[in-house]
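Colleague: If you scroll down you'll find the structure; I have some questions about it.
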Amino acid sequence: MDYGDFTIVLPTLNEGRTIGKLITYIRSHYKGAKIIVADDGSVDGTAGIVNGFERKGGVRFIDRRRMGLQKGLTASVIDGIERSRSRYVVVMDADMQHPPAEISRIAAKLASGYDLAVASRASVVGWELGRKVISRLLIHLGYLSLSVQGSESNGDIFSGYFGVRRSLFVSVYARNRRRFIGGGYKVLFDFLKCVKKGEMKVCDVPFAFQVRKFGRSKAGAAQGLALLHSFLS
């Protein structure tokens, strides 16, 4: 398959231990795909690693802190998508919890006519009971919010791993800027709530979500409040 119509958007914050491995994998397995790294102020050498790839072509580094842009994962993803020029974009984390092998399945779904293909967590390995309970509660609230609004949905509304037709995402964002919580971390949910049910073709690509091997989660109280804000916006 030719991946010239695809850009892989990688939001980063201190992913120096994994970003080089991920970019190397993408460049090796998805010939022609572009890569945009939207960095939110890394201080661990992430920039230097990405800049090394950037000099070889096909990779672009966005130093969002130096540009004075709003902090946040959602804001980083939006910046990456808006700066891409390909027909499709695939968004994924750079910490290797999102297996890059799934890009091929997401890309195939988009190429076959789907507007949105979501890598949905069919199972989650290694989470503590407390985190599972909180996550399940928030998921139920999220589905309720989407249902009340008559919005689009899928099997994993909080997934951070998805592919989308770029022009659709950009147009939805342009009409609903205030509803996207830039400082939050659930950009897929913000996108779904702004699309009425039945207005786009959606599919799920199930995968096994693994316990984190590198770094630590950036989720905290501030992100939880941002998610609640997203439910109400």
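Computed from the coordinates by the stated procedures, all read-outs in this text should not be read as laboratory data. Here the structure is a predicted model, which means the values were calculated and not measured. FYI the Cβ positions are ideal-geometry reconstructions off the backbone, even for glycines, and counts take in every protein chain you see.
Colleague: Once fully extended, how much extra length lies between His229 and Lys71, figured as 0.36 nm per residue of separation less the alpha-carbon to alpha-carbon distance?
Modeller: 55.3 nm
Colleague: For Lys196 and Thr24, what does the FRET efficiency come to when R0 = 45 Å and r is the distance between their Cβ atoms, rounded to the nearest 0.05?
Modeller: Computed FRET efficiency for Lys196 and Thr24: 0.65.
Colleague: Amide H of Ile8 versus every other amide H placed in the peptide plane: which residues, excluding those fewer than 5 positions away on the same chain, fall under 5 Å?
Modeller: Lys34, Ile35, Ile36, Val90
Colleague: Report the FRET efficiency, 1/(1 + (r/R0)^6), for Arg83 and His140, where r is their Cβ-Cβ distance and R0 is 25 Å, rounded to 0.05.
Modeller: 0.10
Colleague: Please list the non-local residues whose amide H lies under 5 Å from the amide H of Val205, H modeled 1.01 Å from N, same-chain partners needing a gap of 5 or more.
Modeller: Val118, Ala119, Ser120
Colleague: Please figure out what share of the DSSP beta bridges in the chain is antiparallel and state it in percent, rounded to the nearest 5.
Modeller: 25 percent
Colleague: Right, another one. Quick one: Debye curve from the alpha-carbon atoms of region 1-77 only, equal weights, vacuum; give me log10 I(q)/I(0) at q = 0.10, 0.21 Å⁻¹ to two decimals.
Modeller: -0.21, -0.89
Colleague: Continuing with this model, one more query. Which whole-number percent is the relative contact order of the chain (Cα, under 8 Å, 6+ apart)?
Modeller: Taking the mean separation of contacting Cα pairs over the length of the chain, I get 24 percent.
Colleague: Here's something else I'd like to know. Could you tell me what fraction of 2.2 N^0.38 Å the Cα radius of gyration of region 8-148 comes to, as a two-decimal ratio?
Modeller: After normalising by residue count via 2.2 N^0.38 Å, the value is 1.13.
Colleague: Output ³J(HN,Hα) for region 42-48: one whole-Hz value per residue in order, computed from phi by the Karplus curve 6.51 cos²θ - 1.76 cosθ + 1.60 with θ = phi - 60°, and x for Gly and Pro.
Modeller: 4, 10, 10, x, 4, 4, x
Colleague: Among all stretches of the chain without exposed trypsin sites (Lys or Arg not before Pro) (DSSP loop, at most 10 other Cβ atoms within 10 Å), which one is longest?
Modeller: So the longest stretch without any such site is 86-215.
Colleague: Do any of Lys21/Lys56; Lys21/Lys71; Lys31/Lys186; Lys109/Lys201 go past 18 Å between their Cα atoms, and which?
Modeller: Exceeds cut-off: Lys21/Lys71; Lys31/Lys186.
Colleague: Tell me which residues come under 5 Å, amide H to amide H, from Arg65 once H is placed; ignore anything under 5 positions away on its chain.
Modeller: Gly41
Colleague: Then there is this: HN-Hα J couplings of region 65-76 from phi, Karplus 6.51/-1.76/1.60, θ = phi - 60°, integer Hz, Gly and Pro as x?
Modeller: Per residue, the Karplus-derived 3J(HN,Hα) values read 5, 5, 7, x, 7, 4, 6, x, 5, 4, 4, 5 Hz.
Colleague: A further question follows. Quick one: if the Förster radius is 45 Å, what FRET efficiency do Ala208 and Ser167 give, using the C-beta to C-beta distance and rounding to 0.05?
Modeller: The value I calculate is 0.90.
Colleague: Stick to Cα atoms and the Kirkwood definition of Rh, then tell me Rg/Rh for region 136-213.
Modeller: Computed over Cα atoms, the ratio is 0.95.
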